[in-house]
Amino acid sequence: MDIVIKLSQFLLSLSLLIVLHEFGHFIPARLFGTRVEKFFLFFDVKFALFKKKIGDTVYGIGWLPLGGYVKISGMIDESMDKEQMEQPPQPWEFRSKPAWQRLIIMLGGVTVNFILAFIIYIGIAYTYGDYYIKNSDVSNGIWVTNEAMEEAGFRTGDKLVSIDGKPVEDFYGSTESLLMGRVITVERNGDLKTLTMPVDFIDRLMKSREENEKTMLLNLRIPFVVAGIEEGSPNTGALKTRDIMVSLNGKKVAFADEVVSEVKNLKGQTVPAVVLRDDKEVAVDLKVDEEGKMGVAYASRLGFTDLERLGVYNVSREEYSFMESIPEGISRGKNRLVSYGKQLKMIFTPETGAYKGVGGFKAIFDLFPQTWSWQAFWEITALLSIMLGVLNLLPIPALDGGHVMFLLYEMISGRKPSDKFLEYAQIAGFFLLMALVLFANGNDIYRWLFK
């Protein structure tokens, strides 16, 4: 059932983005009197699941969910309709329209993507507001759980102060900035320390996650909360789910990292402990095996509700009126757009190793949660809309950005590239685009098989 829910969210989001993107081309084309021969969700290679002709346009749904398209008369596109292009230009064709009209038609799809993202962020701000933890409230510092962070110089208990000179205000909101930051200032035992992030930090982080996929970049120091008892655990009966460790072997333990560290020194021993169970302290004896394990799974991350209930951290809330949600949503969209631009820059900088993390359809599928969440759905859809808009602006002939590049050349130089040149460029762009698609989805397959 979980996979059905994930798949439903994935297909709904993808379909919404594709249809609206193609409408971004369709509407200005029709406004300028340009004939649109086809409007398809997904690709109809050889056959379509559904199609119906209304007026001059055939609307349909293809069987190959790799995107969608509109076929505009008199335009050199992925259809490579050479026969039509060999005929004399007709007034309703794309090639007969002024360059400025053709430019608007080509920019229509990405324009819709960006506008859609900003509208969604405005709606999220108005509907859900903000839940966050102020960095100033994280008085106990971070919990370092992966080798990449340790190698970069971070230690459990460090308090984030600034990233590239900008003060950290929202603890979890600083994750992306930390990933792309170069100079990080932390407070350690009352002293300020400056950490210079390695150029290949993202590559190291991905390798760390391959060894332990549950490891997080940023973790709050949280109490040791029992999340489950492993089968055959020597502590079955002694511990129960949701028990909170208060002391171990006579030592007070406030955080899970303290319990994990202490257990390593108690191999093969049975030691006294105190847990908080149903708001009451209960004394138990715990057994630690020869490998320094108790056979217990603990929560590595708690939700805002649990953090508040335990009284460990204050959760800040921000609600927005409709008018307040507009600038807030625009700000979120702008920040996401800038952040994604920086990510692309890192991907195209080989020494960062970020290109190894590029993913295809499986990576997008994995973004969606296993339970239906409208907030998560819209957050992911807004992000994907920005990604789709930016990627389509890349100056690759098979993409909108390639067409825009040639149109700008025509408008500036006054010379239109020949149809033959555009055909060759389209073919080259198509092969380049396919190479990128194969690389991204190949990364997915590699991680699935060898992670």
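Whose amide H sits under 5 Å from the amide H of Leu286, counting only residues 5 or more places off or on another chain, with H placed in the peptide plane?
When sequence neighbours closer than 5 places are left aside, the close amide H contacts are Val271, Ala273.
Would you list Met411, Met180, Met323, Met294 from the most to the least accessible area, probe 1.4 Å?
Numbers: Met411 90, Met180 45, Met323 135, Met294 15 Å².
In descending accessible area the options line up as Met323, Met411, Met180, Met294.
Residue by residue through the range 134-143, what is 3J(HN,Hα) from phi via Karplus (6.51 cos²θ - 1.76 cosθ + 1.60, θ = phi - 60°)? Round to whole Hz and write x for glycine and proline.
Once θ is set to phi - 60°, the couplings for the range 134-143 become 5, 4, 5, 8, 8, 6, 9, x, 9, 10 Hz.
How big is D for the range 13-73, in µm² s⁻¹ as a whole number, if Stokes-Einstein is applied with the Kirkwood radius of its Cα pairs at 25 °C and 0.890 mPa s? Don't skip to the end; give the middle numbers.
Values: Rh = 11.5 Å.
Value of D from the Cα-based Kirkwood radius: 213 µm²/s.
Between Leu449 and Trp374, what's the calculated FRET efficiency when r is the beta-carbon distance and R0 is 41 Å? Round to 0.05. Can you show the working numbers first?
Details: r = 34 Å, r/R0 = 0.82.
Once the sixth-power term is evaluated, E becomes 0.75.
At a 1.4 Å probe radius, which order do Thr194, Thr111, Thr175 fall into by accessible area, largest first? Don't skip to the answer; put the middle values down first.
Numbers: Thr194 95, Thr111 65, Thr175 40 Å².
So the residues, ranked largest to smallest area, are Thr194, Thr111, Thr175.
In debye, nearest 20, what is the charge dipole magnitude of the range 58-182 about its Cα centre with +1 on Lys and Arg Cβ and -1 on Asp and Glu Cβ, if you could check? The partial results should precede the final answer.
Numbers: 10 positive and 16 negative charges, 86 e Å.
The dipole magnitude comes to about 420 debye.
Of Ile229, Met206, Thr196, whose Cα points farthest to the positive end of the dipole of the range 193-275 (charges on the beta-carbon: +1 Lys, Arg; -1 Asp, Glu; origin at the Cα centre)?
Thr196
If you find the alpha carbon centre of the range 16-39 and of the range 267-296, how far apart are they in angstrom?
Computed from Cα coordinates, the inter-centre distance equals 65 Å.
Kindly report the accessible area of the range 343-451 per residue (heavy atoms of protein chains, probe 1.4 Å, no ligands, DNA or RNA), in Å².
Details: 6220 Å² over 109 residues.
Here the per-residue accessible area is 57 Å².
Between the range 55-72 and the range 185-202, what is the separation of their alpha carbon centroids in Å?
Cα centroid to Cα centroid, the span is 51 Å.
Can you list the residues, at least 5 places off or on another chain, whose amide H is less than 5 Å from the amide H of Tyr298, using H built in the peptide plane?
Under 5 Å from the amide H of Tyr298: Ala227.
Run the numbers for Thr270 and Leu11: contour at 0.36 nm per residue of separation, minus the present Cα-Cα distance, in nm. All intermediate terms of the calculation are to be shown ahead of the outcome.
Working: separation 259, 0.36 × 259 = 93.24 nm, distance 5.22 nm.
Once the chain is fully extended between Thr270 and Leu11, it gains 88.0 nm.
Rounded to the nearest 500 deg cm²/dmol, what is the calculated helix-only ellipticity per residue at 222 nm for the chain, with -39500 (n - 2.57) per DSSP H run of length n ≥ 4?
Values: 13 runs with 198 residues, N = 451.
Helix-only estimate at 222 nm: -14500 deg cm²/dmol.
How much of the DSSP bridge set in the chain is antiparallel, in percent, rounded to the nearest 5? Write out the running numbers ahead of the final one.
Numbers: 47 of 52 bridges.
Roughly 90 percent of the DSSP beta bridges within the chain come out antiparallel.
Heavy atoms of the protein only, probe of 1.4 Å, neighbouring chains included. What is the accessible area of Tyr121 in Å², nearest 10?
0
Give me the accessible area of Val260, 1.4 Å probe, in Å² rounded to the nearest 10.
50
Among Met346, Phe118, Ile396, pick out the residue whose Cα is farthest towards the positive end of the charge dipole of the chain, where Lys and Arg carry +1 and Asp and Glu carry -1 on C-beta, about the Cα centre.
Of the listed residues, the answer is Ile396.
Long-range amide H contacts for Gly129: which residues qualify at under 5 Å (H placed 1.01 Å from N, peptide plane, sequence gap of 5 or more or a different chain)?
Those lying under 5 Å, H to H, from Gly129 are Tyr320.
Using a 1.4 Å probe and ignoring any ligands, DNA or RNA, find the accessible area of Leu49 and quote it in Å² to the nearest 10.
120
Looking at the range 327-448, how many pairs of lysines come closer than 24 Å at the Cα, when each pair is eight or more places apart or spans two chains?
Going through the range 327-448 pair by pair, I get 6.
Go through Trp143, Trp372 and list them by solvent-accessible area, largest first, probe radius 1.4 Å.
Working: Trp143 20, Trp372 100 Å².
Final ranking, largest accessible area leading: Trp372, Trp143.
To the nearest 20 debye, what charge dipole does the chain have about its Cα centre, counting +1 at the Cβ of each Lys and Arg and -1 at the Cβ of each Asp and Glu?
On the way: 50 positive and 55 negative charges, 179 e Å.
Once rounded to the nearest 20, the dipole reads 860 debye.
The values are calculated or read from the model by the stated rules, or taken from the named source; none is laboratory data. Only a predicted model underlies this, so the values are computations on that prediction, with no experimental measurement involved. With ideal geometry, Cβ positions are generated from the backbone for all residues, glycine too; neighbour counts draw on all protein chains shown. When the accessible area is computed, the model is the full protein with side chains, heavy atoms only, and any ligands, DNA or RNA have been set aside. Shrake-Rupley method; radii C 1.70, N 1.55, O 1.52, S 1.80 Å.
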